[in-house]
Every structure is written in structure tokens, then in C-alpha cells.
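A.B. asks: One structure, pasted below without further comment.
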Amino acid sequence: MSKELMKGNEAIGEAAIRAGCKLFFGYPITPSTEIVEYLSKHLPKAGGTVLQGEDEVASINMCYGAATTGARVMTASSSPGFSLKQEGMSYLAAAELPVVVVNVNRTGPGLGGLGPSQSDYFQCTKGGGHGGYRQIVLAPSKGQELYDFTMEAFDLADKYRTPVVILSDGFLGQMMEPVELKKRPKAELPAKDWAVGGCKGRAKRKVASYSLTNEIGEVNNLHWEAKFAEMKDSLQRWESFHAEDAEYLIVGYGTCGRIAKSVVLKARKQGFKVGLIRPITLWPFPEEAFANLDGVKGILTVELNFGQMVEDVKLAVECRTPVYFHNRLGGMLPSENEILRKLGQVFDLAVEV
Amino acid sequence: MQRVFGRPKGLTELPFHYCPGCTHGVIHRLIGEVLEELDIIGDTIGVAPVGCAGFSLDFFACDFVGAAHGRAQAVATGIKRALPDKVVFTYQGDGDIAAIGTAHAIHVAARGEKITSIMVNNAVFGMTGGQMAPTTIGGQITTTSPYGRDCALVGTPIDMPKTVATLNGAVYVAACSVDTPKNIIQTKKCLKKAFQVQQAGLGYALVSILSTCPTNWGLSPADSLKWLQENMLPVYEMGELKVTEEVKAL
């Protein structure tokens, strides 16, 4: 097993190749571009295909086509480009096709800027496309996780026949870190006995998303609802960091979760029982992490947006403890001391900064 | 008793439920015959779009994929890139190829994507109830051009096969019609060629076929054919618009 110094975006590309991704369709957009560049250089050598689509809409629909054949396929983009993929994402969810989609979140709304942001949380977790579907969203917080989660995303996509989103940001995607190029144990995955590829020797197969009869439409929707419920029950993941005996919890994912770890250590040094819940699956949101709030006096959610995940935290907490919110916007990151100061303010703690 | 005529093996047993007089059924049959004659039913994957052509999903005996509006050619690209040895075709209306999916229509041709596209041009958006399409003829009344298409305001009809023929990756482009038995026979020849071009791996092939929409045109099936002949044939250039040397040598 080798360790390499890689940009976060490159780690995603390398993980995809090693996970058996055979096709990548993309359209360059900062700060995700190194993914299409890395794969353009390395995927063909590994026997795969990279095609730069005429736009993001084409790219996601090329993924849709390739996925219908049962091949492992991926695309990557950043916020405005990810928006253009939403139509396709809805169709992927409805046709139950496994595709990995990376969103290296930039700032917004609109064209925004290139810095780190978490403003696409709603879009990724609540369904950016039409029709009310759910998709798995994984939130890495460092290079190693960008690699590991990307690999795992292909297995999850195949297992549940669903699009899986890796939600990164411009900070994680552009930073260089050592990444251990781990091999994943081979997961037991269902056979792709639904894939098209020519009906020689078997009955004709169809992969599509529409039903023009309401009765069939309801049957389909109930099927999806059951599937989303199963994913919600079995997939919730998070990291607890000094959360077991915590009186005050910070909740942050990705880049914010990473910064908050240092805040927890600084607060603990001063004798304050602060812990961190870092959601890893943003959908399903790890509600189970908040099942036991005995002894928790309050929660501070830290995000790089106007307040999006905080709504899921409040739902999970169900008013059992007060929830406060801190943010930075437009590509700015909160410093450790800034979060520490905010903790002191909202919980009336005499923290030293 | 010797069977002299029957349903081609390229079609399923399902009865067509297109409107009476609509020529989708004729075109379906021609493609079904070509799939059978070339013996490619088991190796073919079709892509259906949105609109009336979207029903084709159930009517062909080969594997089929349903795409979003306008996206059939991008979806077909993904399928073909994943399975280069299979035969991949799209079956789309004029709204699909010449309006919402124009970008894909241009770029599959530019890339020389080794797929076959069939465009059925009835000069309206059919399934949504007869609205103006980019292919609507000047003066033609539709629900969104109730006073007749005013070309000075909304532009002139797009002759999509002629446009696509200018792109280097398109090696075979034909513009056909199914208004007469003679033209039906000619259309079948072009369809067959378009699939053979793909089998030979030569590049992108497009067959555009003028079709009728009696329901939305508000005409009888017979009058619809007459309307097509009098109004569409003078506007759209017919024939094999592009046949490269490699295709000629097939």
C-alpha cells in the first residue's frame, strides 16, 4: 500500500479508477477541474473512457446511458455545473441507476466564487431535481476520506441502484495531503440483471423512468419510498469526537467538521466539556447521533452557508436542547478561535481565546 | 400455407396506440423490418425520448432505454461508449432533436458518434397538444402560433438534416418522407443504410423522416398526407443529403 501526496480532487480520480470506474463524462469547472484532468490522463491507461461532454447536461445524461449498461460511471462538477445536472439526477434516481456524482462545492448563489462553501447542502440532500427523490450524500473532510468515500460510493451506488453524491468543497479539492491508496475489500453486490446490452438469449429489458397511469405511478412511488426508508435506516454515519461526555456539542461536516476538531481540543484544554458530531452521510442525516442528549446543554452548528444543515440538526434534536448557529460565507472559513469565541458567547462560558 | 406478410420480428406483439393516421406506425414497422433483416435485434439498444416517440420503448423487440426530453443522443453516447460493439439508435421527434436537444444533436454529429438517429418530423410538438416546433412551417397554425407562424417574429423552420450534414462526423444523412408507397420504400433503404453505417463503424448517421400528425393538424389522415406534400415537401430538402466515400463503398 503506497502513500502519495495528492490534491483532494486527484484523490477522487485515483479512487474512481481503483474502484473500477470505466467511464467518466464531465465538463470542466473550477474548483473541480482536476478530476476531469486527472481521469483524462489516467483512466484511458487503465482501460476506461473519458469523454468531455458539450455541457453538464450532456455529461450527466451520458452517465445515465452508460449506467444503463451496468458499467461503473462517474461525473464531477462544481455548484453552477452541478445545478445543470439536476434534471439528470432526478432521472437517475427514478430509473434506479448507479452513478457517482462529485460536487466540489464553490460559493453561491449564482456564479459565486471559487472558495470553500457549503451552500449546496439543500440542493444535494433535499433533491435538487424535480419529483421528490432522495440520494446518498457523503461528506469527506480530508484527502484520505475523499479517496475512501469515492471508492465506497461506487459500492453504495450499485447496492442501492441510486446516484451517490460526494459533496466536497474548493478547500478540500484543492489542498494537497498524503493519501494512502488503500484497496477496498470486495463487497458482495447484487447482480445487474436489469442492465441493457442486447437481448440475445434473454427477454427484452427496459430502463426508463415514466409511468403514465396513476396506479402504476403510485406503485413506483411506494417502491422508492420503501427504498429511501431502508437507506435511512441502514446508512446513517457520523464521527463522534469527545462527544460521549460532552455538555456542549459542535455539529459541522466536511471542512467545518475538520476545523471544529481543533476547537474541541482547545476547549477541553480549558476544562470545558465540548464534543463534536461530524455527519458523514448528509443524506440520510445521522439522526441517531442525537438519540441520546442526556447531559447536553446545547448545540452549536457551524456551516459555510446561510443555515442549511442546522434545520436537520433541529429536526433530529426535536427541541430537547437549544441549537445555535455560526457561519462564514462567500468563501471565508471560520478560524478556530472564532468558533471558540462563539461557543463562549452562546453558552456563557468563560473561554480564553 | 406460406406466410407472405406479417409483423416483423423487430417489433413486439403490442398493438400501436398512436393516433389514427399517424405515420409513426409506418416508421416503426420499417425499423422493425431493418432490425430483423440485418439480424441485429439481439445486439441493439434503442433510446426513446419524451413525446409520442417515447412510446417506442415498448414497441421494439430490442433492449430500450427511456431518456429525458432532448437527451436521447447524450444517453445513446453513454451507451455506445460503454458498449462499442452494440448497435445503438435513438428514435426522436423534431421537438426533441431540433429544440430542447439541439446541442446534443450537433455534438453527436461533430464527434462522429457511432450511433444512428432517426428524427420523425411532423412540424409540431405532438404529445403536448400541437404547439409550435422549430420545424413548424411559415404560416402554419399551432396552439402557440394561433395566427400562423410569423417567421419575421419567431424565425424560419430549421432544416435539421441539412444542418447536421455540414458536420464532419456525420457520414450519412438522409431526408425522407413516408407519404407515398414509393417514399416508404426509399425511407426503408435509407434506414437500412444508416444502421449499416454504424455496423461498419464509419461515424454518425441521421435519417429524418417527414411524418403526419392528423390529430394536432386537425385534418383527416388522407388530408394530412396531402398537407405534408403541399407544405412540408417544398420546405425541406429531400434525398440522401450526405453520403461520404466510405459509405458509398459499403
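The values are calculated or read from the model by the stated rules, or taken from the named source; none is laboratory data. All figures in this text were calculated on a predicted structure; none of them were measured in a lab. Note that each Cβ is placed from the backbone with ideal geometry, even for glycine, and that neighbours are counted across all protein chains shown. In case anyone asks, the SASA skips ligands and DNA or RNA and just uses the protein heavy atoms, side chains included. Shrake-Rupley method; radii C 1.70, N 1.55, O 1.52, S 1.80 Å.
A.B. asks: With a cut-off of 12 Å, note down the residues of the range B:112-140 whose backbone N falls inside the zone around a label point 7 Å from the Cα of B:LEU153 toward its beta carbon.
C.D. replies: Backbone N within reach: B:139.
A.B. asks: Percent of Cα-Cα pairs per 5 Å bin, from 0 to the last occupied bin, for the range B:115-250, please list those.
C.D. replies: 2, 11, 20, 20, 18, 13, 9, 5, 2, 0
A.B. asks: Which value, in Å² and to the nearest 10, is the accessible area of A:VAL207 when all protein chains are kept and the probe is 1.4 Å?
C.D. replies: Its accessible surface works out to 10 Å², give or take rounding.
A.B. asks: Zone of B:THR128 (label point 7 Å along Cα→Cβ, backbone N under 15 Å): which residues in the range B:51-94?
C.D. replies: Only B:51-54, B:68-71, B:93-94 pass the distance filter.
A.B. asks: Turning to a different aspect of this structure: Taking the C-alpha atoms of the range B:141-219, how large are the radius of gyration and the largest Cα-Cα span, Dmax, in Å?
C.D. replies: So, for the range B:141-219, Rg and Dmax equal 16.0, 48 Å respectively.
A.B. asks: Setting aside same-chain residues fewer than 8 positions from A:LYS41, which lysines have a Cα under 16 Å from its Cα?
C.D. replies: A:LYS7, A:LYS22
A.B. asks: Can you give me the Cα centroid spacing of the range B:1-26 and the range A:193-252 in angstrom?
C.D. replies: 38
A.B. asks: A plus B alone minus the pair: what accessible area, both sides summed, probe 1.4 Å, in Å² to 100?
C.D. replies: 2600
A.B. asks: How much accessible area per residue does the range B:59-102 have, counting only protein heavy atoms and a probe of 1.4 Å, in square angstrom?
C.D. replies: For the range B:59-102, the solvent-accessible area averages 18 Å² per residue.
A.B. asks: I need the per residue convex hull volume for the range A:255-314, using only the alpha carbons, in cubic angstrom as a whole number.
C.D. replies: Residue-normalised Cα hull volume stands at 92 Å³.
A.B. asks: Further question on the same structure: Using alpha carbon centroids, what distance separates the range A:253-331 and the range A:1-33, in Å?
C.D. replies: Result: 29 Å between the Cα centres.
A.B. asks: Average projected area of the Cα convex hull of chain A, in nm²?
C.D. replies: 19.0
A.B. asks: Alpha carbons only, please: Rg and Dmax for the protein assembly as shown, in angstrom.
C.D. replies: That works out to 27.5, 100 Å for Rg and Dmax.
A.B. asks: Using a 1.4 angstrom probe on heavy atoms only, work out the carbon and sulfur share of the accessible area of the protein assembly as shown in %.
C.D. replies: Here carbon and sulfur together make up 54 percent of the probe-accessible area.
A.B. asks: Rounded to the nearest 500 deg cm²/dmol, what is the calculated helix-only ellipticity per residue at 222 nm for the protein assembly as shown, with -39500 (n - 2.57) per DSSP H run of length n ≥ 4?
C.D. replies: Helix-only estimate at 222 nm: -10500 deg cm²/dmol.
A.B. asks: With a/c under 1.5 counting as rounded, go ahead and sort the range A:61-164 into rounded, prolate or oblate using the C-alpha gyration tensor (a ≥ b ≥ c being the square roots of the eigenvalues; past the cut-off, prolate if a/b is larger than b/c, else oblate).
C.D. replies: Cα axes put the range A:61-164 in the oblate bin.
A.B. asks: If one takes the longest principal axis of the Cα atoms in chain A, at what angle in degrees, from 0 to 90 and to the nearest 10, does the Cα axis of helix A:336-347 lie?
C.D. replies: The answer is roughly 70 degrees.
A.B. asks: Here is a follow-up. Which value, in nm² and rounded to one decimal, describes the direction-averaged projected area of the C-alpha convex hull of the range A:1-121?
C.D. replies: 7.7
A.B. asks: Could you tell me which chymotrypsin sites (Phe, Trp or Tyr not before Pro) in the range B:146-218 are loop residues by DSSP with no more than 15 other beta carbons within 10 angstrom of their beta carbon?
C.D. replies: Sites meeting the loop and neighbour criteria: B:TYR147.
A.B. asks: Run the count for the range A:138-230, please: Lys pairs, Cα-Cα under 28 angstrom, 8 or more apart or on different chains.
C.D. replies: Lysine pair count for the range A:138-230: 21.
A.B. asks: For A:ASP169, what residues show an amide H to amide H distance below 5 Å, using hydrogens built from the backbone and excluding near sequence neighbours?
C.D. replies: Those qualifying (amide H under 5 Å, at least 5 residues apart or on another chain) are A:ASN105.
A.B. asks: What span do the alpha-carbon atoms of the range B:1-83 cover on each of the three principal axes, reported in whole Å from largest to smallest?
C.D. replies: On the principal axes, the range B:1-83 reaches 46, 31, 15 Å in Cα extent.
A.B. asks: Please check which bits of the range A:105-143 a label hung off A:GLU338 would reach, taking the label as a point 7 Å along Cα-to-C-beta and the cut-off as backbone N under 13 Å.
C.D. replies: It comes to A:116-118, nothing else.
A.B. asks: Taking R0 as 25 Å, what FRET efficiency do you get between A:LEU329 and A:ASP245 from their Cβ-Cβ distance, rounded to the nearest 0.05?
C.D. replies: For A:LEU329 and A:ASP245, the calculated efficiency is 0.15.
A.B. asks: Strictly greater than 27 Å: what percent of every Cα pair in the range A:202-353 meets that?
C.D. replies: 34
A.B. asks: I would also like to ask the following. If you roll a 1.4 Å probe over the heavy atoms of the protein chains, what accessible area per residue do you get for the range A:51-138, in Å²?
C.D. replies: Here the residues of the range A:51-138 average 22 Å² of exposed surface.
A.B. asks: Separate question: Could you compute the FRET efficiency for A:GLN270 and A:LYS314, with r as their C-beta to C-beta distance and R0 at 22 Å, rounded to 0.05?
C.D. replies: Result of the calculation: an efficiency of 0.20.
A.B. asks: Are there any residues in the range A:17-60 with a reduction of at least 40 Å² in accessible surface when going from the isolated chain to the assembly of protein chains? Probe 1.4 Å, please list them by number.
C.D. replies: Buried on complex formation: A:LEU51, A:GLU54.
A.B. asks: Can I ask one more? Over all directions, average the projected area of the Cα convex hull of chain B and note it in nm².
C.D. replies: Taking a quarter of the hull surface, the average projection is 13.2 nm².
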